[in-house]
Amino acid sequence: VNRRTYTNSHIEYVAESIVNVYKRRDSIRWGLEMVYEPPVKGLKHFLAHLKPVAL
């Protein structure tokens, strides 16, 4: 984790979000599926096309 970019409050926020999702895991009924993956390496998560799917 780059300490110049991310502070303790950033890490705490992410940790709280993960705990929140974990606690709600039984009520989450959908997710996302990648339907288009761009050929540009390293930018997949910015340029991808996603669609909702039932779990």
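Only the coordinates and a few stated rules stand behind these numbers; no lab work does. The model shown is predicted, which means the values in this text are computed figures rather than measured ones. Heads up, the Cβs are rebuilt from the backbone with ideal geometry, glycines too, and the neighbour counts pull from every protein chain shown.
Only one of (1) of a type in the set (D, E, K, R); (2) out of contact with any strand residue (DSSP E or B) (no Cβ under 9 Å at 6 or more places or on another chain); (3) exposed (fewer than 10 other Cβ atoms within 10 Å of the Cβ) is not met by R29, so which one is it?
Result: R29 passes all but (2).
How do the pairs read when you match residues in the range 9-25 that are touching a residue at least 60 places away in the same chain (Cβ under 8 Å) with residues anywhere that are surrounded by 10 or more Cβ atoms within 10 Å (Cβ to Cβ), using Cβ under 6 Å and keeping only pairs 6 or more apart or on different chains?
none
Residue by residue, here is whether (1) under 14 Å from the mean Cα position of the chain (by Cα); (2) among the hydrophobic types (A, V, I, L, M, F, W, C) holds:
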| site | (1), (2) |
| --- | --- |
| V1 | no, yes |
| E12 | no, no |
| G31 | yes, no |
| M34 | yes, yes |
| K41 | no, no |
| L50 | yes, yes |
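When you scan the range 12-19, do you find a residue that is closer than 28 Å to L55 by Cβ, touching a Leu at 6+ places or on another chain (Cβ under 8 Å) and not in a loop (DSSP other than H, G, I, E, B), even just one?
Within the range 12-19, none of the residues are closer than 28 Å to L55 by Cβ, touching a Leu at 6+ places or on another chain (Cβ under 8 Å) and not in a loop (DSSP other than H, G, I, E, B).
Within the range 34-50, track down each residue that is assigned to a strand (DSSP E or B) and either surrounded by fewer than 10 Cβ atoms within 10 Å (Cβ to Cβ) or β-branched (V, I, T) (or both). Working first, answer last.
Quick first cut of the range 34-50, residues assigned to a strand (DSSP E or B) only: 34-36, 49-50.
Answer for the range 34-50, where residues must be assigned to a strand (DSSP E or B) and either surrounded by fewer than 10 Cβ atoms within 10 Å (Cβ to Cβ) or β-branched (V, I, T) (or both): just V35.
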